[in-house]
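A short reminder: the numbers here are calculations on the coordinates, not readings from a lab. Everything numeric in this text was worked out from a predicted model, so none of it was measured. Note that we place each Cβ from the backbone using ideal geometry, even for glycine, and neighbour counts take in every protein chain shown.
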């Protein structure tokens with residue numbers, strides 16, 4: 001089946017705008033039930049000329065039911081980047097959300113944040129999907145505390161990371177099946193990388209709505225037009241990256257040449273110092289000979 005490639009910002013947004021689909025994907029990643037999900041209008045694409053990076057961001061307000069059966073209201077923040085990691089930009093988004101209060105029962109409150117990062121590049125850890133969790137520990141006794149405190153929960157957060165390049169091979173779990181639509185091995189035409197030939201299980205109860213949504217994106221004229229713009233930008237970024245790498249290589253070559261010249265100069269100076277030392281030694285020898293002749 002031909003589906004749109006969700007690594008593209010345009011397709012990713014189209015996919016996650018379907019709340020039922022977004023609930024399935026987010027619930028599978030965080031491992032908790034999504035009771036309700038509200039798409040927020042804070043969609044944002046940010047550009048970094050310094051690091052040749054774009055970070056695409058979507059926000060959701062959600063009510064989540066934990067494994068213990070309690071419900072909590074959280075802000076779920078999806079951030080996606082195709083290229084090299086820009087830590088400060090990701091942190092900037094988190095900071096802006098921490099400073100934006102939400103109203104609960106007439107009171108202003110800062111919601112706990114659940115950030116999910118979709119990365120189009122490799123980290124040093126080979127896992128395809130990661131949870132980076134927190135733990136309460138009594139520092140005097142060393143005891144692990146399982147009770148949660150609202151103040152601490154609002155102050156810090158767990159986070160989740162999906163490394164898209166590592167989504168390969170057999171799908172063994174529900175999460176792997178759902179994330180399989182991001183597998184870039186499904187690309188069948190290098191000239192149309194926004195299309196995937198999906199050969200996985202399409203009748204899976206959890207996966208079927210996601211597949212249908214991505215196949216619908218293929219038929220959308222609006223999606224196709226936006227992808228053209230996105231690909232034009234990506235090509236410009238790739239060109240800029242190649243030019244930047246060439247400049248760096250040229251600078252490295254100049255530095256190597258300068259270092260070689262400095263080494264040659266240092267070698268010449270050492271030779272001159274050696275000649276001078278020899279001459280000084282010869283002068284001293286002649287002086288001693290003259291003194292001996294005078295004394296004789």
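General observations
- Residue exposure sequence - 151, 60 - by fewest surrounding Cβ within 10 Å: 151, 60
- Value of relative contact order over region 146-296, rounded to a whole percent, pairs C-alpha under 8 Å and six or more apart: 10
- Residues 202, 10, ranked from the fewest to the most other C-beta atoms within 10 Å, line up as 202, 10.
- Fewest-first ranking of 125, 76, using other Cβ atoms within 10 Å as the exposure measure: 125, 76
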